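**Q** The structure under discussion is supplied below as structure tokens; questions concerning it will follow.
The values are calculated or read from the model by the stated rules, or taken from the named source; none is laboratory data. Because the structure is a prediction, the values reported are computed rather than measured. Positions of Cβ are generated from backbone atoms using ideal geometry, with glycine treated the same way; all protein chains shown enter the neighbour counts.
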């Protein structure tokens, strides 16, 4: 079965608020974690990644947190905008294995 | 520099026909990955190819599915004798090097296959 899963299938957030999307993984051997954004009818778009030797990584308006103790990954989006509406997938992989394994996704709804 | 190009965007096939999905990687990219996505699901890995080589096909069904990435031309995912269960979105991604070694994999817009 899938080694990457998500806590919530749908998340509704007020525009301007911060969004937190969570992900649980079960493969402690994964070296690399990635967040993708997928808009309707489009392919996944890389957002941010983090290696297993890091706890936190920041990008533009996004932050990824990795807690290896509880095998938990989160994506924080600051000041959520209507354009952030999409399905967000976490994914994982190992350096020696080029497969990227995707979770099922969280749909983010932005409320006006 | 065009992104990953997949065609057709939509493909309708009758049961028993063959489906051919094409993927042209980004310029300079020699690594191609194919994924399948069912509605409301994540992407499932199918196959990883480099030019003229299949590196990892552990996600490919044992029968009816094949993939190639010739020296010249696009990568092709071929599904023979399609069945309704093959209906899905098929995504291709390409990368400059091994995707998990400091390079990003860029995804195409996908081909949506419908088997009627």
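**Q** Give the residue that is farthest from residue A:46 (Cα to Cα), with candidates limited to residues of the stretch A:82-107 that are more than 14 Å from chain B (Cβ to nearest Cβ) and touching a strand residue (DSSP E or B) at 6+ places or on another chain (Cβ under 7 Å).
**A** To start, the set of residues in the stretch A:82-107 that are more than 14 Å from chain B (Cβ to nearest Cβ) comprises A:82-85.
Within this subset, residues satisfying the condition of being touching a strand residue (DSSP E or B) at 6+ places or on another chain (Cβ under 7 Å) are A:82, A:84-85.
Details: A:82: 18, A:84: 13, A:85: 15 Å.
So the residue we want is A:82.
**Q** All but one of (1) surrounded by 14 or more Cβ atoms within 10 Å (Cβ to Cβ); (2) out of contact with any strand residue (DSSP E or B) (no Cβ under 6 Å at 6 or more places or on another chain); (3) more than 9 Å from chain B (Cβ to nearest Cβ) hold for residue A:70; state the number of the condition that does not hold.
**A** Exception for residue A:70: condition (1).
**Q** Could you list, in sequence order, all residues of the stretch A:7-44 that are facing another protein chain (nearest Cβ under 9 Å) and either modelled with pLDDT of 90 or more or within 17 Å of residue A:64 (Cβ to Cβ) (or both)?
**A** Of the residues in the stretch A:7-44, the ones facing another protein chain (nearest Cβ under 9 Å) are A:9, A:31-32, A:34, A:36, A:38, A:41-44.
Correct list: A:31, A:32, A:34, A:36, A:38, A:42, A:43, A:44.
**Q** Something else: If you go through the stretch A:32-51 one residue at a time, how many are surrounded by fewer than 16 Cβ atoms within 10 Å (Cβ to Cβ) and more than 20 Å from residue B:92 (Cα to Cα)?
**A** Looking only at that region, the number is 1.
**Q** Moving on to the next point. Just to check your reading of the model, which residue among A:112, A:82 is in contact with a helix residue (DSSP H, G or I) (Cβ under 9 Å, 6 or more places away or on another chain) and surrounded by fewer than 20 Cβ atoms within 10 Å (Cβ to Cβ)?
**A** Exactly one residue qualifies, and that residue is A:112.
**Q** Scan the stretch B:32-64 for residues that are in contact with a strand residue (DSSP E or B) (Cβ under 7 Å, 6 or more places away or on another chain) and within 8 Å of another protein chain (Cβ to nearest Cβ) and jot them down. Lay out the reasoning, then the answer.
**A** Going residue by residue through the stretch B:32-64, those that are in contact with a strand residue (DSSP E or B) (Cβ under 7 Å, 6 or more places away or on another chain) are B:32-38, B:42-50, B:54-57, B:59-60, B:64.
If the condition is that a residue be in contact with a strand residue (DSSP E or B) (Cβ under 7 Å, 6 or more places away or on another chain) and within 8 Å of another protein chain (Cβ to nearest Cβ), then B:33, B:35, B:42, B:43, B:44, B:45, B:48, B:55, B:56, B:59 are the ones that fit.
**Q** Sticking with this one: Identify the single condition in (1) within 21 Å of residue A:45 (Cβ to Cβ); (2) free of Cβ contacts under 8 Å to residues at least 60 places away in the same chain; (3) away from every other protein chain (no Cβ under 14 Å) that residue B:28 does not satisfy, given that it satisfies every other one.
**A** Only one criterion in (1) within 21 Å of residue A:45 (Cβ to Cβ); (2) free of Cβ contacts under 8 Å to residues at least 60 places away in the same chain; (3) away from every other protein chain (no Cβ under 14 Å) is unmet by residue B:28, namely (2).
**Q** Name, by its number, the condition in (1) within 14 Å of another protein chain (Cβ to nearest Cβ); (2) buried (at least 16 other Cβ atoms within 10 Å of the Cβ); (3) over 26 Å from residue A:107 (Cβ atoms) that does not hold for residue B:22.
**A** Here residue B:22 clears every test but (1).
**Q** From the list B:44, B:62, which residue is modelled with pLDDT under 95 and either in a loop (DSSP other than H, G, I, E, B) or in contact with a helix residue (DSSP H, G or I) (Cβ under 9 Å, 6 or more places away or on another chain) (or both)?
**A** Working: B:44 fails: either in a loop (DSSP other than H, G, I, E, B) or in contact with a helix residue (DSSP H, G or I) (Cβ under 9 Å, 6 or more places away or on another chain) (or both).
That would be B:62, the only listed residue that is modelled with pLDDT under 95 and either in a loop (DSSP other than H, G, I, E, B) or in contact with a helix residue (DSSP H, G or I) (Cβ under 9 Å, 6 or more places away or on another chain) (or both).
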